[in-house]
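Report on the following structure.
Every number here is computed from the coordinates shown, using simple stated rules; none is lab data. Here the structure is a predicted model, which means the values were calculated and not measured. Neighbour counts run over all protein chains shown; Cβ positions are idealised from the backbone, glycine included.
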Amino acid sequence: MSLSYAESLSYFPHKGKVGMPELTEKSDDLKIKLEKLEQMIRQSRHTVAITGAGISTDAGIPDFRGPNG
């Protein structure tokens, strides 16, 4: 569902870009990055995660706009 989801959104000039390709990474590359992230979080005193639109669609959670805008 999620890999074609962005392509099905409708364009509106007052909203964000639609139809952007979703990116994926090789498992080995992702594992290295996650290990580095884990190390940084464990060494930090405080951690804040700011996520943008689209972080949930790759996980299968519906977008707030829906395919018709």
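If R0 is taken as 25 Å, the Cβ-Cβ distance between residue 40 and residue 15 corresponds to a FRET efficiency of 0.15.
What length, rounded to one decimal in nm, is gained on full extension from residue 61 through to residue 30, with 0.36 nm per residue of separation minus their alpha-carbon distance?
Separation in residues times 0.36 nm, less the Cα-Cα distance, equals 9.1 nm.
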